[in-house]
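Single-structure report; data block below.
Derivation of every value follows stated rules applied to the coordinates shown; laboratory data play no part. Everything quoted here is computed from the prediction, not taken from an experiment. No Cβ is skipped: glycine too gets one built from the backbone with ideal geometry, and neighbour counts run over all protein chains shown.
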Amino acid sequence: MMNPHSQEEGREPGPEVEQQDVMMLHRRQRQCSRQAVQIAVSALVTAALWAGLLTLILLWHWETMQDLKQLGDTAVLNISQVSKDLERHKADQMAQKSQASQMLQNMEKIQAEQKRMKTQDSELSRNLDGLQEDLSNLKSQGLNERRTALDSLERLQEEVAKLWIELRISNGSMCNTCPEKWVNFQWKCYYFGESAKKWIQARYTCSSLQGRLVSIHNQEEQDFLAKHINEKGSWIGLRDLNIEGEFVWMDENPLDYSNWQTGEPNNGGEGEDCVMMLGSGKWNDAFCNSYLDGWICDQLATC
Ligand code: MMA
Ligand code: CA
């Protein structure tokens, strides 16, 4: 080290100067060593600080890594769980799809069955209609046959009664018994009603007296009646209600005898379907709802 006083006025250094120099040297040495210590201490502190900082950073980093690792593990777990769920869902979806297609097939089958049943149903209802029609035909046929049979029976009974009377006549014993107020002629009895009635009311009254509006089949019978009738005219059991001009007797025997007034039957006025015997005994077709004061009933005489 250069001495700052070495160039002073060319004076020779004495022992005091040397002592001073040593002291200065010592002071400088102390200063140097203090500085070195300071530097070392500060270096140490700095190093310690850096070490602490590094440790902190490392710690933080380690924790972060741990967290990240945990997060990663969790994520892996979640992903595997999600993929499992996804697989399960896929399987479910497949199952549902196959179920849906199965259901569709079933539905188609059901629809086809329904269609078949509808066709069968309409066929059955057609058959049923046919059967019902057959049944009603059979019923009406049965009814018609029953009616025809009853009519035939009635006619036969009447025939038997007539034959029975004829047999009694040929044997010499007459069947000429009539109820009170009835008049006998041949094998019949006659009732001469005398109150104002329409044709239908007269028919009803005769039937309530166990007789019928009279049927006339020969001249003798006509002559007998003509003698007893009401002069204003009387209803008899003949009419052409169903077919105009086709006259029918109440005893259902054919029109084998007639005694029409000249020009009759003429179906005059509002239409004339019921027959009356005029005071003269001649017949005239008249309006059925006219009131006549006379009406004649007949019935077979008893033996
Ligand atoms: C006339 C004649 C008949 C008819 C009656 C009705 C009097 O006779 O036309 O045919 O039935 O009238 O009252
Ligand atoms: Ca007439």
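Quick look at the values:
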| read-out | value |
| --- | --- |
| Matching residues in segment 281-295 - criterion: being among the acidic types (D, E) and within 11 Å of ligand 1 (Cβ to nearest atom) | D285 |
| Residues that are of a type in the set (G, A, S) and within 55 Å of the chain's Cα centre (by Cα), drawn from segment 208-236 | S208 |
| Residues of segment 214-242 classified as charged (D, E, K, R), within 21 Å of E252 (Cβ to Cβ) and either in contact with a helix residue (DSSP H, G or I) (Cβ under 8 Å, 6 or more places away or on another chain) or part of a loop (DSSP other than H, G, I, E, B) (or both), total | 2 |
| Of the criteria (1) more than 10 Å from ligand 1 (Cβ to nearest atom); (2) among the polar types (S, T, N, Q); (3) farther than 18 Å from A226 by Cα, which one N259 fails | (3) |
| Lone qualifier among T302, T205 - being surrounded by 13 or more Cβ atoms within 10 Å (Cβ to Cβ), away from ligand 2 (no atom under 16 Å from the Cβ), over 25 Å from L163 (Cβ atoms) and of a type in the set (V, I, T) | T205 |
| Residues satisfying the stated conditions in segment 256-292, i.e. within 19 Å of C206 (Cβ to Cβ) and assigned to a loop (DSSP other than H, G, I, E, B) | D273, C288, N289, S290, Y291 |
| D298 away from ligand 1 (no atom under 12 Å from the Cβ), in contact (Cβ under 8 Å) with a residue 12 or more places away in the chain and not in a loop (DSSP other than H, G, I, E, B) | yes |
| Residue in segment 234-252 that is among the aliphatic types (A, V, I, L, M), within 21 Å of W182 (Cα to Cα), within 16 Å of ligand 2 (Cβ to nearest atom) and surrounded by 14 or more Cβ atoms within 10 Å (Cβ to Cβ) present | yes |
| Subset tally (residues that are more than 8 Å from ligand 2 (Cβ to nearest atom) and out of contact with any Lys or Arg (no Cβ under 8 Å at 6 or more places or on another chain)) for segment 270-286 | 9 |
| Checking L278 against (1) touching a Cys at 6+ places or on another chain (Cβ under 6 Å); (2) within 16 Å of ligand 1 (Cβ to nearest atom); (3) of a type outside the set (D, E, K, R), the condition it does not meet | (1) |
| Failed condition for N267, given (1) farther than 18 Å from H217 by Cα; (2) of a type outside the set (G, A, S); (3) more than 11 Å from ligand 2 (Cβ to nearest atom) | (3) |
| Sole exception among (1) away from ligand 1 (no atom under 11 Å from the Cβ); (2) buried (at least 19 other Cβ atoms within 10 Å of the Cβ) for P265, by number | (1) |
| Residue check, A226 touching a residue at least 24 places away in the same chain (Cβ under 8 Å) and either under 23 Å from C175 (Cα atoms) or among the basic types (K, R) (or both) | yes |
